[in-house]
Each structure stands twice: as structure tokens, then as C-alpha cells.
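Below you'll find the structure, written out as C-alpha cells, and then a few comments.
The values are calculated or read from the model by the stated rules, or taken from the named source; none is laboratory data. In this text the structure is predicted, and so the values were computed from the model without any measurement. Cβ placement follows ideal geometry from the backbone for every residue including glycine, while neighbour counts extend to all protein chains displayed. The protein model used for the area step is the full one, side chains on, heavy atoms only, and it has no ligands, DNA or RNA in it. Shrake-Rupley method; radii C 1.70, N 1.55, O 1.52, S 1.80 Å.
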Amino acid sequence: KRELSRLEMIISRLEGISGDQESRSVSEVLKLGKAGVYGTIASLLRVDQQYRVAIEVAAGPHINDIIVDNENTAIECVNFLKNNKIGRATFLPLNKIHERLQSLPHSDTAKAVGWASDLIEYDKRYEVAFKFAFGSTLVVSNIETARSIGIGKTRMVTLDGDLVERSGAIVGGFYRKRQKAVFDSKYIEEYKSTIGALRTEIETL
């Protein structure tokens, strides 16, 4: 029972974090439980801790984009938000969006950690959405590596959160890690599964 109580407190905290990160419009769409609405970019990926900052920065505003099956579902959700005067959200219809991929000579990519889309895990059903969000971003160890590859060659992000846009713009400095982790949905599901098993055990006892 103590373990059950502890896990319920953790879930409550993590679900609160998730709600803070999503705009109201995103959370209201997800609450609908509509067929063809799969979830946000953040909720559908997994990333190792060592790459978390880079992936957060690489995703940028796409972090709360909602992946849906087709444009009809996206339009229905847009109309729901509009009719209820809730707000706006970005939808990625899997049948319409296109991958944004970048190619570089091996001599350049050999200096990098890897392409952002290769450093995350996700269900392959959503591959086109993740390649759209991350496919053209190269993760590098630091800003000096980005300079050696060539500013303006491709979009690059460092492990500590500096961003080099393909336009040549550089955004960087001290990156304050989010106190609220972006990619916590997997833990929520794991804890819920454990809680289900504990409740069953309690009932049996």
C-alpha cells in the first residue's frame, strides 16, 4: 500500500508536468480521445538522457505538434478548437506531411554525434512525422564542432543546447534545463502498469 501511494503521487506529479507543458488547446484535443489522434511529438518519442537537451532544442515549437492519421482528422480538430474558442494547435497528418531530410558529406557527419532523428526512438508508424520534425537537424558535441562542419551547411544543435540554423543564425548561451521533463509519458505508463499490478495484489490479499 505504501508503494501504491508513492507511485500515485509520482503519477500525479508527472501528469501535472505534462499538462503544464501542453497548451490548453493541445490538452483539450487529446482529451477528446478521438480516433486517428495519436499524441504529441513529445509524448510519442523516447530519448536517452544524454541527448535530452539537444532533442528539446531541436524540436523547438514542434514539441507539442499533434500527430494525426490524415487531413480530415486534423480539420475536425481545428474546427473543434475554433467552435469552442479554445485556441490553436499544429497537426501533422501522416498522409500529407513530407520528411525533411538533409544530406552532408561523410567527412562532415563523421564529426557529429548523429542526426537528431536517429538519436530518438519512436513507433515506425509515425516515422514521417518525426523525420519532418527532426530529419534536417544534426546533433554535434559543441559549437566548435558546428563551426568546423560549416555554419549554414545544415541546422545543427549542440549537446548543451546551442542552435545553429541553416540560415546562419546562432542561438546559444546558458541553457537552463527544464525543471519539468518533456519526455515523461513513458514513466507515467510504466507506473500505471505497476499500480494496476499492486491493486490486483492488494485485492487478492
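Per-structure values
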{"quantity": "Members of segment 54-76 that are surrounded by 19 or more Cβ atoms within 10 Å (Cβ to Cβ) and in contact (Cβ under 8 Å) with a residue 60 or more places away in the chain", "calculated": "ALA54, ILE55, GLU56, VAL57, ALA58, ALA59, ILE63, ASP65, ILE67"}
{"quantity": "Subset of segment 156-205 [of a type in the set (Asp, Glu), at pLDDT below 70 and open to solvent by less than 60 Å² (accessible area, probe 1.4 Å)]", "calculated": "ASP184"}
{"quantity": "Exclusive hit being touching a Gly at 6+ places or on another chain (Cβ under 6 Å) and assigned to a helix (DSSP H, G or I), set VAL57, VAL26", "calculated": "VAL57"}
{"quantity": "Residue within segment 102-117 that is of a type in the set (Asp, Glu), within 19 Å of the chain's Cα centre (by Cα) and not in a strand (DSSP E or B) present", "calculated": "no"}
{"quantity": "Any hit, segment 36-48, residues being within 30 Å of LEU205 (Cα to Cα), among the polar types (S, T, N, Q), assigned to a helix (DSSP H, G or I) and at pLDDT below 90", "calculated": "no"}
